[in-house]
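Everything below concerns the one structure shown next.
The values are calculated or read from the model by the stated rules, or taken from the named source; none is laboratory data. Note that the structure is predicted; figures quoted are calculated from it, not measured. A quick note on method: Cβ atoms are made from the backbone with ideal geometry, for glycine too, and the neighbour counts reach across all protein chains shown. Just so you know, the surface numbers come from the protein's heavy atoms only, side chains and all, with ligands and any DNA or RNA stripped out. Shrake-Rupley method; radii C 1.70, N 1.55, O 1.52, S 1.80 Å.
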Amino acid sequence: MSLFERIGGAAAVDAAVDIFYRKVLVDDRISHFFDGIDMDAQLVKQKAFLTMAFGGPNSYSGKDMRAAHKHMNLTETHFDAVVENLAETLTELGVASEDISEIAGIAASVKDDVLNR
Amino acid sequence: MPTVEFDGQFYPIDANETLLNGLLRQHVGLPHGCKAGACQCCLMKVTAGDIPKTAQVGLKESQKQLGYILTCCAKPESDLKICEVNNAMPKFEAEVLAYKMLSADVLGLHLTKVFDFKAGQYLNIWHANNVIRSYSIASVAEIDDYIELHVKIIPNGVFSQWAQHHLKVKDKLTIQGPIGHCIYSPNNLNQPFLLIGVGTGLAPLYGILRDALNQGHQGAIDLIVGAKNEQGIYLQAELLQLAQTHDQVKVHFVVQTKITTGSTISQDDLYDFVKKRFPSTKHYGVFLCGAESFVRKMKKQCFLAGANMQDIHSDAFLPCS
């Protein structure tokens, strides 16, 4: 069974996205990036990001992640904040720690793209 | 082999081919992005035929109700007709059946029901010389024999000034619709609802409220109407009447400044009022209508207080020149 299937597929993304998005919006390290954006449009992107991080059908490429974040001058702190919120969300949902590690690994794989390095 | 009709042409779709790939293969430039059901760029609407299984993954109930699909996820099993979601809908001539000022600056209009609609949707009025204005529908197609609009009279409003001074009963308006998906969906009859509107944001909420009741919604429904001052509150009697005849309905009027001392209207900041009375919006269905700045701010507040994005429906009013 693939990681994506193991943690519950698209339903897992749906269960996680609101919790994750809420954490991001109240995290002072990164919340300002989301000021004034269209929340519905952003939710679609969050779902695509989570789908990718959960090992789901390929929705975001490294190139997409780079282009999307290029103009933001992001730092390690910003990136780490997102992964931290993701891990906390998954812990809250009772996802097994090995799976959380695997997911954090997938997220880490696009770090250079997100930070435009 | 199913056939898909789009823009007046017919396209056969191979078995096991997605609708998107089938049309792209035949050189139809459908918008698309991830081809994985995540980005929703390929959103289209089915106007005839059976909606294929898996074609609506991730869409809101309201969008599913309106027949929206993701073409990258759709594998048609039978013939379909599709169109763009906000495509050029036909225009109709609607006659003004009734004309009444609901408050000092809100004009209530009843137009002939020339098309079917779901409460909460809106329409475009095509006025002289390319002046197009959108207004939300306040009536309920299943209950009312007319399309009701609440037109805010704006000091330099091209359409509203004309309507206030020249429009009368029996005149015709060219209208196009219905548009939008801020509608009631009967998928969770016990869900508590929070309906919050500012100014004429009440119009779609008035329809959604009565639509919900008509469809047997059981959950508590709290309608909060906000305005700058008491003059901005309208339909108060009708709303209080609804609350009286339906135990599950509570209506709150909140204004920033108040002169009279009556108790049916509260003086408060709308956001504080909502926060105090609904500290947690977890499991709530939330409907927000009114100025864009209000919708954006209240959406964030209600989301952070626990409501899921899937359960927050909104219609943001944008100003026109």
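Quick notes on this one:
- Cα pair distances exceeding 34 angstrom across the protein assembly as shown, given as percent: 40
- Partners for B:K45 among lysines (Cα-Cα distance below 24 Å; same-chain residues under 8 apart left out): A:K45, A:K47, B:K35, B:K53, B:K60, B:K64, B:K75, B:K81, B:K91, B:K113, B:K118
- Binning the alpha carbon pair distances of segment B:1-87 at 10 angstrom intervals from zero yields the distribution 19, 60, 20, 0, expressed in whole percent.
- Compactness of segment B:71-148, expressed as Rg and Dmax over alpha-carbon positions, Å: 16.4, 55
- For segment B:1-71 versus segment B:166-228, the gap between their alpha-carbon centres in whole angstrom: 29
- For chain A, averaging the sequence separation of C-alpha pairs within contact (under 8 Å, six or more residues apart) and dividing by the residue count gives a relative contact order of 35 percent.
- Peptide packing: for A:87-94, B:133-140, the average count of neighbouring Cβ atoms within 10 Å per residue gives the ranking B:133-140, A:87-94, highest mean first.
- The phi torsions of segment B:48-54, fed into the Karplus equation with coefficients 6.51, -1.76 and 1.60 and a -60° offset, translate into couplings of 7, x, 8, 6, x, 4, 6 Hz, rounded to whole numbers, with Gly and Pro shown as x.
- Per-residue [θ]222 nm for chain B (sum of -39500 (n - 2.57) over DSSP H runs n ≥ 4, rounded to 500): -6000 deg cm²/dmol
- Between the beta carbons of B:Q9 and B:L189, assuming R0 = 41 Å, the FRET efficiency works out to 0.50 to the nearest 0.05.
- Area projected by the alpha carbon convex hull of segment B:57-108, averaged over all directions, nm²: 7.0
- Computed Rg/Rh of segment A:18-86, alpha carbon atoms with Kirkwood Rh: 0.93
- Cα→Cβ-extended label distance, 7 Å offset, between A:M1 and A:E98, nm: 1.2
- Within segment A:1-109: Cβ-based charge dipole about Cα centre, in debye rounded to nearest 20 (Lys, Arg +1; Asp, Glu -1): 380
- For segment A:98-114 versus segment B:254-305, the inter-centroid distance based on Cα atoms is 39 Å.
- Legend: P(r) of segment B:245-321 from all alpha carbon pair distances, 5 Å bins from 0, whole percents, reading 3, 13, 20, 22, 20, 14, 6, 2, 0.
- For B:I154 and B:A98, the FRET efficiency from 1/(1 + (r/R0)^6), where r spans their Cβ atoms and R0 equals 30 Å, is about 0.90.
- Spin-label pair B:Q215-B:I51: with each label point 7 Å from Cα along the Cα-Cβ axis, the two points sit 1.2 nm from one another.
- The smallest convex shape that holds all Cα atoms of segment B:18-155, its convex hull, gives 159 Å³ per residue.
- Figure note: B:F92, B:F303, A:F79 ranked by solvent-accessible area, largest first, 1.4 Å probe, ligands and nucleic acids not counted: B:F92, A:F79, B:F303.
- Residues with amide H under 5 Å from that of B:K250, placed H, sequence gap 5 or more: B:I221, B:D222, B:L223
- Per-residue HN-Hα couplings for segment B:183-192 [Karplus 6.51, -1.76, 1.60; θ = phi - 60°; Hz; x = Gly/Pro]: 10, 7, 10, x, 8, 8, 4, 9, 5, x
- Remark on B:F317: its backbone amide H falls under 5 Å from those of B:G290, B:A291, B:E292, a criterion applied only to residues 5 or more positions apart or on other chains, H modelled at 1.01 Å from N.
- Residue by residue, segment B:241-253 carries 3J(HN,Hα) couplings of 5, 4, 5, 5, 8, 10, 3, 6, 9, 10, 10, 10, 10 Hz when phi is fed to the Karplus relation 6.51 cos²θ - 1.76 cosθ + 1.60 (θ = phi - 60°); x denotes Gly or Pro.
- Where the Cα pairs of chain A fall when distances are cut into 5 Å bins, in %: 2, 11, 23, 27, 22, 11, 3, 0, 0
- Partner chain coverage, peptide B:55-68 - average Cβ within 10 angstrom: 1
- Given their separation in residues at 0.36 nm each and the Cα-Cα distance between them, B:S134 and B:Y271 gain 46.7 nm when the chain is fully extended.
- Legend: mean number of C-beta atoms from other chains within 10 angstrom of residue C-beta atoms, peptide A:38-45, equals 5.
- Average beta-carbon neighbours from other chains, 10 Å sphere, peptide B:28-36: 3
- Amide H within-cut-off set for B:K91, under 5 Å, with H built and near neighbours excluded: none
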